[in-house]
């Protein structure tokens, strides 16, 4: 073997590589276990309009377990995402002793359901959080079967656009378990649109009603309590206990 220089060189290179790897492992273990290099500051990249400082202080300290290198960023992220208003969290280390946290809060656009403190955000996601009464009452109320919040929110936007030219605004949109649509306007009138029909889609029935609204409902001295659009060729109105057909 001693008369084979290329073999000796290969063994030497292998030993040096092994030594370097061992040194790297030892350095990594030292960095992870050394009590130095603690996280000294936690910085939030933007203000949090709804999340309270006390809520953050309840979950964050237990997640800050380790030093600058050993701290598990996923644990920190997961702890903060348990808070009611927090939708998404990004965490990054900033040398030498800082943790920078970016929080995306839910942006509520509507109330959801039947008074269980649930809201719908701008992505159509349902989350549970508390709003001040004035802020909550200013939002529309949406409701539908589980998993339909994105669809209900999309239709709410379409209904707002449809009734806007009439000077009316939807304040409630309901999708029933049978997938029938009901819309309540800010004037108190309930518009029963019903289910999708192959020969008479929801959008077609609604558009027909919008077009004739100014010359029919709009001319009445009192708005009807209910307008029923489930008919393929017309609609019905109920004022108090009196039914009228058209």
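The values are calculated or read from the model by the stated rules, or taken from the named source; none is laboratory data. Keep in mind that what you see is a predicted model, and the values were worked out from it rather than measured. Cβ sites come from the backbone with ideal geometry, for glycine too, and all protein chains shown count toward neighbours.
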Practice prompt. Residue by residue through region 213-231, note down the ones that are modelled with pLDDT of 85 or more and closer than 18 Å to residue 193 by Cβ.
Written response: 213, 216, 217, 224, 225, 226, 227, 228, 229, 230, 231
Item to complete: May I ask you to say which residue of 178, 116 is over 26 Å from residue 208 (Cα atoms), outside the structural domain of residue 81 (by TED's automatic domain parsing) and free of Cβ contacts under 8 Å to residues at least 24 places away in the same chain?
Response: 116
Discussion item. Please determine whether any residue of region 212-229 is surrounded by 12 or more Cβ atoms within 10 Å (Cβ to Cβ), over 29 Å from the mean Cα position of the chain (by Cα) and without any contact (Cβ under 8 Å) to a residue 12 or more places away in the chain.
Written reply: yes
Discussion item. Whether any residue in region 149-165 is under 23 Å from residue 112 (Cβ atoms), over 23 Å from the mean Cα position of the chain (by Cα) and surrounded by fewer than 16 Cβ atoms within 10 Å (Cβ to Cβ) is what I want to check.
Written reply: yes
Response to the item:
Looking across region 166-189 at residues that are touching a strand residue (DSSP E or B) at 6+ places or on another chain (Cβ under 8 Å) and outside any strand (DSSP E or B), the single one that is surrounded by the most Cβ atoms within 10 Å (Cβ to Cβ) is 168
Discussion item. Checking the structure you have, find out if any residue of region 129-139 is touching a strand residue (DSSP E or B) at 6+ places or on another chain (Cβ under 7 Å), closer than 28 Å to residue 43 by Cα, outside the structural domain of residue 71 (by TED's automatic domain parsing) and surrounded by 17 or more Cβ atoms within 10 Å (Cβ to Cβ).
Written reply: yes
Worksheet, complete the sentence: Quick count over region 85-120, residues being within 18 Å of residue 47 (Cβ to Cβ) and crowded, with 16+ Cβ neighbours inside 10 Å, is 11
Practice prompt. Scan region 73-93 and report the pairs whose first residue is in contact (Cβ under 8 Å) with a residue 60 or more places away in the chain and whose second residue is surrounded by 16 or more Cβ atoms within 10 Å (Cβ to Cβ), with Cβ atoms within less than 8 Å and a gap of 6+ or a chain change.
Written response: none
Fill in: Index of the failed condition, residue 244 passing every other in (1) surrounded by 15 or more Cβ atoms within 10 Å (Cβ to Cβ); (2) at pLDDT below 85
(1)
Item to complete: Filter region 119-135 down to residues that are without any contact (Cβ under 8 Å) to a residue 24 or more places away in the chain and under 15 Å from residue 156 (Cβ atoms) and give me whichever is farthest from the chain's Cα centre (by Cα).
Response: 119
